[in-house]
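**Q** Below is a structure I'd like to ask you about.
Taken together, the values in this text are just the output of simple stated rules run on the coordinates, not laboratory data. This structure is a prediction, so every number in the text was calculated from the model and none was measured. Cβ placement follows ideal geometry from the backbone for every residue including glycine, while neighbour counts extend to all protein chains displayed.
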Amino acid sequence: MPDTDTPMPSAEADASSQGTDPSSKPFYDLAKWATKAPEGEKLISTAYGDKVQEDLKFVENKPGVHKPDAILVADDVTRHFGGIVAVDVKHFEIERHGITALIGPNGAGKTTFFNLMTGFDKPNTGTWTFDGKDLASVSPEKVARMGMVRTFQLTKVMSRLTVMDNMLLGAPSQPGEGMLRSLFPPLWRRREKEITEKAEALLNRFLLYKKKDDYAGSLSGGQRKLLEMARALMSDPQLVMLDEPMAGVNPALKQSLLDHIVSLREEGTTVLFVEHDMNMVRHIADWVTVMAEGKIVAEGQPKSVMNDQAVVDAYLGSHANIDLGDDSVLEGVE
Ligand code: ATP
């Protein structure tokens, strides 16, 4: 099904119609402050944002550069498809607690790199560690349990399941799964209650609570993106990898998605995202990495990388020209 979006009520109207009182959730304040703090005032918590920006301030802008506090480190990762070298990454590090954007032209190898890091595909060569742990040959399920989850360019929500059932599938282990546990109903009932409450809180936060009993297939493209992000958070990941979170999302939901990503960082989650929307990259990324023909060809502070005419001409091309000029959706961010 194409990942198109349909108009939906504004985020605030939606929030007011949620099943529980959104104002009781601190996150709601944080999300508002994240992008709409009154002039001259700072976010409620900028601890991680400040730390990351401080840490990255003196890191050289060059491909494969070492970072002060890397959570994901990849070495000599290659993936060939017949004669095509889809990924050929010599060395790459992701800074913990940062928002890193992975950009580059179509076919650069960004999605393949995501697939490799998260166990959805196997490389021809290479090693990579997550939080110091070797991840080569680890299954996607185990990678997720270890704290690294990803979303997909074309969402993988289960259309014929309800929104709530999709959320429950994102929980790390299901109630009654183990034989031993299944013999003790109080054990799995407690666990079931916990994960249901967690799913409800996340659906509330992502403005999907009132849709919890609807089939996921009835959601708009943008809402499916939100659901996929919410589902990814069911396992309390340390690193979230988002593949084109803004693609097919209408402007009202774009603002909301952007708030969610910034808020994730403020809660201590590391974010790596692939995006063609340069406007979004420029506004929220702490660090930008450029990929072309499978290789990391540039990385650095967003301003310097995205204002580098050579990078713009060679790797960003028309995407840069179109999106850099349109700030209307993100007014007030920065
Ligand atoms: P986009 O921005 O368009 O999503 P991308 O940067 O994510 O592009 P990939 O989808 O990773 O790029 O593709 C990298 C290269 O590998 C492309 O040339 C693509 O055609 C090729 N490729 C990816 N997956 C496969 C596959 N399963 N079989 C054959 N070739 C593939």
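**Q** Using a 10 Å cut-off around each Cβ, can you sort His66, His80 from fewest to most neighbouring Cβ atoms? It would help to have the intermediate numbers written out before the result.
**A** Details: His66 10, His80 14.
So the ranking, lowest neighbour count to highest, is His66, His80.
**Q** Which order do the peptides 240-246, 128-134 come out in when sorted by mean C-beta neighbours inside 10 angstrom, highest first? Display every interim value, and only then the final one.
**A** Numbers: 240-246: 23.9, 128-134: 14.7.
Highest mean packing first, the order is 240-246, 128-134.
**Q** Return the long-range amide H neighbours of Ala136 (sequence gap of 5 or more, or a different chain), with a cut-off of under 5 Å between placed amide H atoms.
**A** Correct list: Trp128.
**Q** Which entries in Lys62/Lys254; Lys210/Lys254; Lys62/Lys156 show an alpha-carbon gap greater than 24 Å?
**A** Values: Lys62/Lys254 30 Å; Lys210/Lys254 20 Å; Lys62/Lys156 35 Å.
Beyond 24 Å between Cα atoms: Lys62/Lys254; Lys62/Lys156.
**Q** Taking the highest mean first, how do the peptides 204-211, 285-292, 262-269 order by number of other beta carbon atoms within 10 angstrom per residue?
**A** Numbers: 204-211: 21.8, 285-292: 24.0, 262-269: 19.2.
Descending packing order for the listed peptides: 285-292, 204-211, 262-269.
**Q** Sorted from fewest to most neighbouring beta carbons within 10 Å, what does the list Leu219, Leu56, Leu169 look like? Don't skip to the answer; put the middle values down first.
**A** Values: Leu219 23, Leu56 19, Leu169 14.
In increasing order of surrounding Cβ atoms, one gets Leu169, Leu56, Leu219.
**Q** Right, something else. Among Thr162, Thr111, Thr270, which comes first, then next, by fewest other beta-carbon atoms within 10 Å? Display every interim value, and only then the final one.
**A** Working: Thr162 17, Thr111 20, Thr270 27.
The fewest-first ordering by Cβ neighbours comes to Thr162, Thr111, Thr270.
**Q** Holding the Cα-Cα limit at 20 Å, pick out from Lys51/Lys295; Lys67/Lys90; Lys57/Lys133 the pairs that are longer than that. Can you show the working numbers first?
**A** On the way: Lys51/Lys295 28 Å; Lys67/Lys90 15 Å; Lys57/Lys133 27 Å.
Cα-Cα > 20 Å for Lys51/Lys295; Lys57/Lys133; rest within.
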